[in-house]
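The values are calculated or read from the model by the stated rules, or taken from the named source; none is laboratory data. Note that the coordinates shown come from a computational prediction; the quantities given were computed from them, not determined experimentally. Every residue, glycine as well, gets a Cβ built from its backbone with ideal geometry; the counts of neighbours run over all protein chains shown. We work out accessible area using only protein heavy atoms, side chains counted, and drop any ligands, DNA or RNA first. Shrake-Rupley method; radii C 1.70, N 1.55, O 1.52, S 1.80 Å.
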Amino acid sequence: MNPILQINQLKTSFFTSSGEVAAVRGVSFELQQGEILGIVGESGCGKSVTVKSIMNIIKPPGRVVDGEILFKGENLLTISKRRIREIKGNDIAMIFQDPMTSLNPVLTIGSQLMETMKAHTKLTKAEREQRATDLLRAVQINSPETRLKQYPHEFSGGMRQRVVIAMALANDPEILIADEPTTALDVTIQDQILKLLKDLQRQQSKSVILITHDLGVVAQMCQRVLVMYGGIIVESGTREAIFYAPKHPYTIGLLRAMPKLNSRERLEAIPGSPPALINPPKGCPFASRCQSAMKLCLTRLPDFYADDEGHKARCWLLDPAVKEMKGRKGHE
Amino acid sequence: MSELLRVENLKQYFPVRKGLLGKVHHYVKAVDGVSFHIRKGEIFGLVGESGCGKSTTARSIIGLHKPTEGKIFFEGQDITALTGEAKRMLYQEMQMIFQDPYASLNPRMTVREIIAEPLRAFGMQDASAIDEAVYTLLERVGLNKSHATRYAHEFSGGQRQRIGIARALAINPKFIICDEPISALDVSIQAQIVNMLIDLQKAYGLTYLFIAHDLSMVKYISNRIGIMYLGSMVEMGDSDLIFEKQRHPYTQALLAAIPIPDPAASDARQTVALQGDIPSPIDKPSGCSFRTRCQYAMPICAAEEPVLQAVEPDYYVACHLINKS
């Protein structure tokens, strides 16, 4: 399969007055046609900065320092601004956590929907109106003709997020990037939006990158998962591999930290807190919280160890030499 | 177990004023006739989506709002009528931990000052005794002496929540209201704080009102749970039983909407998303508040508001479906 989007060694930093904050420190992954790829991780792990880098919306003092973002072979980091605008208008669209950041409070929903079409298509006014109505219907908004003439404040939080999704779909993009699209919503509304996104992916074979901190959302939505920690990907694999056979101690810790159904056993908390990325640790970013950490982990970051199914994790414990050494110690 | 807190038919309406003279236009019925009790030494979970009135209920209990109607009893005493010194003394028994550890700590105060404040307010004057108490409290919440001279912004979210907990514990309260204490924290930190809250509860025989929207965590921590919708209690009982029986249609919909962190279990579940939005508490539907989204709604649901009734000992549901049969 040919990936529709390929990220190679992406590095993004913020140059603050107290020094360089290396938010994304060499991230590589690919998005396959028609899949939902989940990125999970805690605040500050670099998941949002990664997709903002893809969308070319990193604001100073931040910038992409290195790497490649290949959309169908074109590197988004080197092409002209004009071409980027074309791609962002037609091929890749983003849905943000807070719908109000993407909606203009003083314009009607209809004019905002049609604005993107006007900029990127040659549709006539009547065609644009028809398409806007169809889009609202596609995101399950009732009486779309009336709704088009209303302002964002006349919509509830869940409805606004639907409108934002409709706007993202306006020019029929191939890739949808959703950054915590349901975090600000209540669970019953979250459920509606997630089901809508899944339908869109299935029926229109959109490729979706879904960022979330909720492992439940990942289990429900994604085919493949990237786990990020301290600005790097620490593990990636299919949903089943990540949930049923996690390899990285951080992923294992996250899954264990959640309460198990019908159990009152003490939660296995991960001690400590994530590292500051202003002075990123030399070795594995998780080493200071990892119960299996060795001396080596503090000084050197391992590369990925992959199995035949493409399940990869960046942990020294998976190194054949380390495994052998541990095995010998166990026998003594 | 004896009762520590009793809320009786609590109503909390907020007037919406309009026009030049500020005439009351209508009311936001944030809490509309809620009754429940919490026993000594138990953790009572209050669950519901935004606007259901769970936080308003908590704020009424701790005296931040004066109830429009209804009574709140603490250790048998009606506390809604308390004023002045008597009301102030009540806070020696009752404390609150807030959701946002960034907003609830004064950025200009050191950790020592933050924790010492309630101690001073309730009569501790001797500087060395205060220092000693602050250090003990810091250790109790997993911090240490060296943290006392620092400011809140120097700490991570989880550590700030620990400081907030130390402040709440300072004057040895009997009852602590935890208003979404883990919602703003990362998953790996949530377990740390929940474990600590449980340890403290056991060690000091505390009673908690635990408010959250993360149902799996509420189920884990609580002995009993109350589920609220649009200002009313719809179901209340033992937390394991609620998850098992799910008698109210809203409880069913709420539990069905929580994503399960297990791919196979998630795939096996065939649920239909609950339609529509939560109605506004300004313009509540007649009868049962949930009827506009309920797949079982009958004519009686619009005509009559269902009463919270015991369907078995210590298990209450407010639904015409159940109350009729």
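What you get for the range B:1-82, charging only the Cβ of Lys and Arg (+1) and of Asp and Glu (-1), is a dipole of about 420 debye around the Cα centre. With Cα atoms defining each centre, the range B:173-194 and the range A:160-175 are spaced 36 Å apart in the structure.
Placing +1 on the Cβ of every Lys and Arg and -1 on the Cβ of every Asp and Glu, with no other charges, gives the range B:107-170 a dipole of roughly 240 debye about its Cα centre.
Residue A:18 sits with roughly 90 Å² accessible to a 1.4 Å probe, with DNA, RNA and ligands left out of the calculation. Ranked from largest to smallest solvent-accessible area, with a 1.4 Å probe on the protein heavy atoms, B:91, A:250, B:27 come out as B:27, B:91, A:250. The 3J(HN,Hα) values that the Karplus relation (6.51, -1.76, 1.60; θ = phi - 60°) gives for the range A:241-246 are, in residue order, 4, 5, 7, 9, 9, x Hz. Gly and Pro appear as x. Once the Cα atoms of helix B:157-169 and of chain B are each reduced to a long axis, what angle between those two axes, in degrees from 0 to 90 to the nearest 10, is obtained? Roughly 80 degrees, rounded to the nearest 10. Solvent-accessible surface (1.4 Å probe) assigned to residue A:165 amounts to roughly 0 Å².
For residue B:70, the residues whose amide H sits under 5 Å from its own are B:11, ignoring neighbours fewer than 5 places away on the same chain, with H placed 1.01 Å from N. Per-residue accessible area (protein heavy atoms, 1.4 Å probe) orders A:103, A:301 as A:301, A:103, starting from the largest. Computed from Cα atoms, the angle from the helix B:111-121 axis to the main principal axis of chain B rounds to 80 degrees. Entry note, chain A: relative contact order of 20 percent, from Cα contacts under 8 Å with a spacing of 6+ residues. In this structure the amide hydrogen of residue B:180, modeled in the peptide plane, comes within under 5 Å of the amide hydrogens of B:211, B:212, none closer than 5 places in sequence on its chain. Heavy-atom accessible area with a 1.4 Å probe sorts A:77, B:254, largest first, into A:77, B:254. Dividing the helix sum by the residues of the protein assembly as shown, where each DSSP H run of 4 or more adds -39500 (n - 2.57), gives a mean residue ellipticity at 222 nm of -10000 deg cm²/dmol.
Scalar couplings 3J(HN,Hα) for the range B:40-47, obtained by applying the Karplus form with A = 6.51, B = -1.76, C = 1.60 to θ = phi - 60°, are 4, x, 9, 10, 9, x, 10, 10 Hz; x denotes Gly and Pro. Considering every alpha-carbon pair of the range B:107-170, the percent of pairs per 5 Å bin, from zero through the bin containing the longest distance, is 4, 21, 35, 25, 12, 3, 0.
Mean per-residue shielding of peptide A:252-260 is 5, counting Cβ atoms of other chains within 10 Å of each Cβ. In this structure, the residue pairs whose Cα-Cα separation is over 27 Å, taken from A:260/A:326; A:47/B:202; A:59/A:312; A:11/A:198; A:195/B:245, are A:260/A:326; A:47/B:202; A:59/A:312; A:11/A:198.
Rounded to the nearest 10 degrees, the inclination of helix A:320-331 to the longest alpha-carbon principal axis of chain A is 50 degrees. Close amide H partners of residue A:65, meaning residues 5 or more places away or on another chain with modelled amide H under 5 Å apart, are A:11, A:12, A:13. Of the chymotrypsin sites (Phe, Trp or Tyr not before Pro) found in the range B:109-160, those in coil by DSSP whose Cβ has at most 15 other Cβ atoms within 10 Å are B:122. At a probe size of 1.4 Å, how large is the accessible area of residue A:156, to the nearest 10 Å²? The value for residue A:156 is about 40 Å². Mean partner shielding of peptide A:38-47, defined as the number of other chain Cβ atoms within 10 Å of each residue Cβ, is 2. Which whole-angstrom value gives the distance between the alpha carbon centres of the range B:295-325 and the range A:108-148? The two parts, judged by their Cα centres, are 43 Å apart.
The slack in the chain from residue A:299 to residue A:205, taken as 0.36 nm per residue of separation less the alpha-carbon distance, amounts to 29.5 nm. Among the residues of A:81-93, the average count of other protein chain beta-carbon atoms within 10 Å of the residue beta-carbon is 0. For the range B:220-297, the share of alpha carbon pairs falling in successive 10 Å distance bins from zero is 16, 44, 33, 7, 0 percent. About its Cα centre, the dipole of chain B is roughly 760 debye, where the only charges are +1 on Lys and Arg Cβ and -1 on Asp and Glu Cβ.
Which distance in Å, rounded to a whole number, links the C-alpha centroids of the range A:1-24 and the range B:15-72? The two parts, judged by their Cα centres, are 47 Å apart. Excluding residues on the same chain fewer than 8 positions from residue A:206, give the aspartates and glutamates whose Cα lies under 17 Å from its Cα. The qualifying aspartates and glutamates are A:30, A:35, A:91, A:172, A:174, A:179. Given R₀ = 60 Å, what would the calculated FRET efficiency be for residue B:87 paired with residue B:268, taking r from the Cβ atoms and rounding to 0.05? About 0.70, to the nearest 0.05. Residues in the range A:62-71 carry Karplus couplings, in order, of x, 7, 6, 8, 7, x, 9, 10, 9, 9 Hz; the curve used is 6.51 cos²θ - 1.76 cosθ + 1.60 with θ = phi - 60°, and Gly or Pro positions show x.
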